[in-house]
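Colleague: For reference, the structure I am asking about is given below.
Read-outs: derived from the displayed coordinates by stated rules, not from any lab. Note that this is a predicted model, so its numbers are computed, not measured. Note: ideal-geometry Cβ built from the backbone for every residue, glycine included; neighbour counts use all protein chains shown.
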Amino acid sequence: MIKLPDIQEPRRVFFGDEEQDFINNCIQELKIGQLNDIQLVSDFESQFAEFIKVKHVVATNSATSGLQIALQASGLKRGQEVIVTPYTFSATAHAIINAGGVPVFADIREDSLCLDFDDVESKITDKTFAIMAVHIGGKSENIYDLCVLAKQKNVLVFEDAAQAHGSTYRNQYVGTFGQAGVFSFGTKLMTSFKGGAIVTNNDEIAKICRSYIYHGISSNGQSPYTHEYPGYNFQMTGLQAALLIPQIKKLPERFEKRYQNGMYLKDKIEQILGLKVAMPTNGGTSNFYMFEMLYDKLYFSGKSRENLIKLLQKEGLPVLQANIIDRPIYENHSLRSYITKPCFVAESVYNRLIILGHYMHSTLMDADQETLDLTAKKLKRAQDLIKTA
């Protein structure tokens, strides 16, 4: 019998024997006082850098802290502006604020739910320091055009690739286009439960970031405790690194399985009039970390999105109207003072969004076509039930 994941079930983490062996070895080394925490983190950084094809990886305790110090290390001054999408987790904008910057919200495209190029361009002023491109839901942004625009306007590009492990744009891994990119290792395609990484090809930025994550200690000081910056304790632990190392070589296979399953499910769902799956722009790929659909009630007898969601949940399909992003982030109390003009497309999208998101995480990773067909059939059955209700 085919079983879809229950909406209350925890997300599966895909650990195998190699991850277990790494952790067991770490525990044994801890017992005898020989665990080399620094070496494990260094090994992860060098292997991930080689995989993603960048010069430097700086491992951190989270993607949020990684975004903050990447901005600080690049010279963001208090009051300078960073253009960002309202369709992201609030941590993206909070990192800008905590680094001393001001988030400026640009609208999104309805087809990809990524930044609208024209609106980004219209928001650039003499106060703009950077554009923050967010590869939301694992979908690659139109990052090449944003980088060209940034160069023309003499501003920087940073990439929030927290959810986009393995995703590419024009055959290049996202996170590697701008001044720096940041990945998360929470409940993602690679996971150490918590953790993050800054990736960059800039030698100076990497050096400053390394200082910031370890209390601002400088590698150039005469003493091992020469503090050059008012830094933080943002380091990744050796145990986290030990979990991540064996997952690096597994990422291509994981991505490919998710991509193929995601594309198959997309094609099935889009045979249902009134449902459109958000996809990256031409040249981009998605790891389908979130499976986002836009709902058009005209094809559902004018019934609200909430009616469809209730029916789908009764059918055993784990859907939500949103997950951690249930409104444009500028509607949160912490960010209301930063919005000067509404982002109308983003606001419209939130009212029509249905997400198979995190609760399809394991299904997309290991499902067969029969399970994916069942998902599409349940969506079609719900549409038929609404029309006859």
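Colleague: Distance between the C-alpha centers of the range 293-318 and the range 14-84? Whole Å please.
Modeller: Cα centroid to Cα centroid, the span is 41 Å.
Colleague: Here is a further query. Once fully extended, how much extra length lies between ASN282 and ILE97, figured as 0.36 nm per residue of separation less the alpha-carbon to alpha-carbon distance?
Modeller: Extending this stretch completely gives an extra 63.4 nm.
Colleague: For the range 17-244, restrict the atom set to alpha-carbon positions and state the Rg and Dmax in Å.
Modeller: 17.8, 60
Colleague: Give, as ranges by residue number, the residues of the range 193-232 whose backbone N falls under 15 Å from the point 7 Å along Cα→Cβ of LYS53.
Modeller: Under cut-off, by backbone N: 200-201.
Colleague: Please work out how much length the chain gains when fully extended from GLN313 to ASN201, using 0.36 nm per residue of separation minus the C-alpha to C-alpha distance, in nm with one decimal.
Modeller: Net length gain for the segment: 35.7 nm.
Colleague: Same structure again: For GLN152, project a label point 7 Å along Cα to C-beta. Then give me every residue of the range 117-131 with its amide nitrogen under 13 Å of that point.
Modeller: Correct set: 117-124.
Colleague: Can I ask one more? Once the piece of chain linking SER46 and SER219 is laid out straight, how much longer is it, given 0.36 nm per residue of separation minus the C-alpha distance between them?
Modeller: 60.5 nm
Colleague: In whole Å, largest first, what are the principal axis extents of the Cα atoms in the chain?
Modeller: Projected onto its principal axes, the Cα set of the chain covers 78, 55, 37 Å.
Colleague: Where does the chain land at 222 nm, in deg cm²/dmol rounded to the nearest 500, when only DSSP H runs of n ≥ 4 count, each adding -39500 (n - 2.57), divided by all residues?
Modeller: Mean residue ellipticity at 222 nm (helix-derived): -12000 deg cm²/dmol.
Colleague: Testing the spin-label approximation: label points 7 Å from Cα along Cα→Cβ at GLU256 and ASP118. State their distance in nm.
Modeller: Going by the 7 Å Cα→Cβ label model, 4.0 nm.
Colleague: What FRET efficiency comes out for ASP384 versus MET263 if R0 is 30 angstrom and r is the Cβ-Cβ distance? Round to the nearest 0.05.
Modeller: Calculated value: 0.75.
Colleague: If you restrict to DSSP beta bridges whose two residues both lie in the chain, what percentage is antiparallel, to the nearest 5?
Modeller: Close to 60 percent.
Colleague: DSSP loop chymotrypsin sites (Phe, Trp or Tyr not before Pro) in the range 178-269 with at most 15 other Cβ atoms within 10 Å of their Cβ, which ones?
Modeller: Those satisfying the criteria are PHE193, TYR225.
Colleague: If you don't mind, another one. At most 16 other Cβ atoms within 10 Å and a DSSP loop assignment: could you name the trypsin sites (Lys or Arg not before Pro) in the range 224-261 that fit?
Modeller: Within the range 224-261, the qualifying trypsin sites (Lys or Arg not before Pro) (loop, at most 16 other Cβ atoms within 10 Å) are LYS249, LYS250.
Colleague: TYR229 to SER334: FRET efficiency via 1/(1 + (r/R0)^6), r the Cβ-Cβ distance, R0 22 Å, to the nearest 0.05?
Modeller: Approximately 0.30, to the nearest 0.05.
Colleague: Using the per-residue mean of other Cβ atoms lying within 10 Å as a proxy for protection, in what order, highest first, do the peptides 139-150, 292-303 fall?
Modeller: 139-150, 292-303
Colleague: Same structure again: Check cross-link reach from LYS151 to the aspartates and glutamates: straight Cα distance under 20 Å, and skip same-chain residues fewer than eight apart.
Modeller: LYS151 reaches GLU81, ASP116, ASP118, ASP119, GLU121, ASP126, GLU141, GLU159, ASP160, ASP203, GLU204.
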